[in-house]
Amino acid sequence: MELSQPYDESKVLIIYTGGTIGMLVGHQGYVPEPYFLTETLFSQHRFHDPLEESLFSHSSSAHLHSLVTPRTTASGQMGKRIRYVILEWNPLLDSSNMEPDDWVRIATEIELNYSTFDAFIVLHGTDTMSYTSSALSFLLEDLGKTVIVTGAQIPLSRLRNDAVDNLLGALTIAGHFIIPEVCLFFNHTLYRGNRVYKFSSNDLNAFDSPNFAPLVHVGIEITVDWNNVIRQTGLRRFKAHKRNSNVATLRLFPGITAATVRAFLAPPMRGLILETFGAGNAPQRADLLEALKDACDRGVVIVTISQCSKGTVSADYETGRGLLKLGIVPGGDMTPECALTKLGYLLSKPDLSVAQVRTLMGTPLRGELTQPGNNIPKAAAQPDIEDALDTIQGVLSQVVRLSSARTTAAPKIGAAARRNSAVVGNMVNCIDPASGRAPLHVAAMNGSTACVNALLEAGALVHLRDALGHTALYYAARQGHESVVDILVIAGANLGGSDVEGGFVTLIVKKAVHSQDDRALRVWQKAGAEIQQNERKD
Ligand code: ASN
């Protein structure tokens with residue numbers, strides 16, 4: 001099944017925050033060197049192909065001062081070039097100097113550029129990379145595009161390095177696949193960003209995700225585990241949350257005193273991640289437990305996670321259950337980085353009560369923790385779903401039938417999705433190799449609000465483009481299906497790629513102005529097309 005985007009150019013924004021990847025050796029050791037990375041990439045053919053640039057120097061995206069890769073041939077897909085812009089921070093940071101405000105800055109930069117780019121790469125130092133990827137996974141709410149955090153253990157300035165592979169791998173994945181999650185790419189592997197931690201300071205294989213399998217493996221082929229990719233099923237537009245709260249991590253050790261714990265939990269501390277022994281166990285000394293209970297009673301949210309990198313906390317032991325009785329929340333198999341950033345995120349939401357924060361800490365919000373019982377292999381698709389959604393053609397003809405009949409029978413897809421979300425999530429995003437169209441394109445073109453709703457609820461990706469580079473929103477607007485345009489916009493869709501660059505929309509809008517077709521103009525305006533005031537009446 002083909003799930004890549006056949007449209008032949010993708011636009012990626014690289015937010016370059018610093019890290020070893022662009023460092024040179026200074027008097028005091030490695031430091032980030034301003035402009036070095038961009039200039040080096042500009043001079044390397046694999047990162048910038050002047051021929052591809054000159055071919056498209058007349059396109060409207062040339063003003064972005066972009067770099068463009070040669071055409072790729074990843075996974076046997078048709079060649080695609082990846083046009084990218086580097087937003088370099090000043091000053092560049094060693095990631096040990098990153099603060100929670102920097103996570104908010106990255107989230108804000110993604111939000112500001114969200115509709116212009118297809119995907120985002122954050123170049124970052126490895127030391128605190130997993131904190132940033134965890135934090136971003138929460139700050140970026142209702143994400144519909146790929147975000148990849150990467151960097152290197154050896155700088156690009158060295159002959160032998162991992163910078164080239166990491167950046168090229170991240171660019172290739174970002175340019176070809178819509179994986180609407182915050183991911184971390186390192187050593188040929190794409191991980192869910194809130195499941196990783198840095199386990200080696202000297203191996204090129206520096207990150208591990210002990211409790212969750214990688215999302216993509218890059219070998220000779222690029223293999224995406226679509227069954228594990230999260231897709232939005234709610235109709236909400238992307239937005240960045242831009243606050244953080246005062247939280248901390250405390251690692252228990254044998255002999256820890258109650259005074260240390262009390263000092264740690266003193267105001268203004270609002271939340272604490274308690275790293276406990278093994279399966280969530282702690283000393284049962286009365287003075288220690290009293291210090292923890294006092295804090296819980298004051299409304300401090302305390303979450304227990306394990307000091308072991310693999311496995312989960314549980315209530316199997318008396319020494320673990322004792323903590324839960326105090327009001328401490330079990331954090332399942334979350335990494336320390338994830339638990340800390342999630343707690344900071346939730347506590348910074350003014351509308352959430354302490355009780356709600358406690359409940360949400362134990363609830364998966366972005367696939368960051370495994371719920372008990374969810375480890376069992378996914379059930380096979382129900383036979384009736386298989387019948388209905390058997391092949392790509394099957395899915396498309398089903399959608400054509402349901403949407404062109406304009407019946408309310410479309411929720412059959414929604415019902416199927418509820419029974420087996422992974423399988424149906426893949427089916428609803430399958431792409432017809434000839435047209436590059438996904439079912440959402442077809443339903444939008446046919447103007448079936450019921451079918452469009454059902455597909456979105458089943459995890460259809462709103463940003464997919466067909467072989468002509470058009471989104472479902474473009475087709476809905478072109479056909480004048482106003483209510484479908486409304487739904488797609490609520491679900492986060494925007495016109496992009498060929499919709500705007502080929503001049504198609506401008507042309508159609510001009511025609512509508514000329515023929516005084518106010519209805520068409522209203523639909524295009526709703527879809528986000530720019531309509532010049534002077535265009536409206538000439
Ligand atoms: N100290 C560097 C950093 O985190 C380490 C690296 O990027 N490999 O910025």
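Rule-based calculations on the coordinates, nothing more; no lab input. Not measured: the values here are computed from a predicted model. Cβ: placed from backbone, ideal geometry, glycine included. Neighbour counts: every protein chain shown.
What to note about this one:
- Sites listed here are trypsin sites (Lys or Arg not before Pro) in the stretch 157-205 whose DSSP assignment is loop and whose Cβ has at most 12 other Cβ atoms within 10 Å: 160.
- Long-range HN-HN contacts of residue 93 with modeled amide H, under 5 Å: 18, 19
- Shown for 124, 470, 45: other C-beta atoms within 10 Å of each C-beta, ranked fewest to most, produce the order 45, 470, 124.
- Residue order, fewest to most beta carbons within 10 Å, for 359, 449, 20, 249: 359, 249, 449, 20
- Label zone (residue 236, point 7 Å along Cα-to-C-beta; backbone nitrogen cut-off 19 Å) within the stretch 138-169: 138-147.
- Neighbourhood charge, 13 Å Cβ-Cβ cut-off, centred on residue 187 and excluding it, Lys, Arg +1 and Asp, Glu -1: -3
- DSSP-defined beta bridges in the stretch 9-233 - what % are antiparallel, rounded to 5: 45
- The 3J(HN,Hα) values that the Karplus relation (6.51, -1.76, 1.60; θ = phi - 60°) gives for the stretch 243-252 are, in residue order, 9, 9, 10, 7, 9, 8, 10, 10, 9, 5 Hz. Gly and Pro appear as x.
- Neighbour-count order for 201, 134, fewest beta carbons within 10 angstrom listed first: 201, 134
- Computed label-point distance, nm, for sites residue 90 and residue 250 using a 7 Å Cα→Cβ extension: 4.4
- Placing pseudo-labels 7 Å out from each Cα toward the beta carbon at residue 201 and residue 354 gives an inter-label distance of 3.8 nm.
- When each of 310/349; 325/349; 198/349; 80/510; 198/342 is checked by Cα-Cα distance, pairs over 23 Å: 310/349; 325/349; 198/349; 80/510
- Amide H contacts of residue 183 (H built 1.01 Å from N, in plane; Pro and chain starts excluded): 147, 148, 149, 193 sit under 5 Å, all sequence-distant by 5 or more or on other chains.
- Across the stretch 450-458, rounded Karplus estimates of 3J(HN,Hα) from the backbone phi angles (6.51 cos²θ - 1.76 cosθ + 1.60, θ = phi - 60°) give 4, 5, 4, 4, 4, 5, 5, 5, 8 Hz, Gly and Pro being marked x.
- Computed from backbone phi, the HN-Hα couplings of the stretch 310-317 come to 10, x, 10, 7, 8, 10, 6, 10 Hz, rounded to whole numbers (Karplus: 6.51 cos²θ - 1.76 cosθ + 1.60, θ = phi - 60°; Gly and Pro given as x).
- Computed log₁₀ I(q)/I(0) - Debye formula, equal Cα scatterers, no solvent, the stretch 251-313, q 0.13, 0.25, 0.29 Å⁻¹: -0.33, -1.12, -1.34
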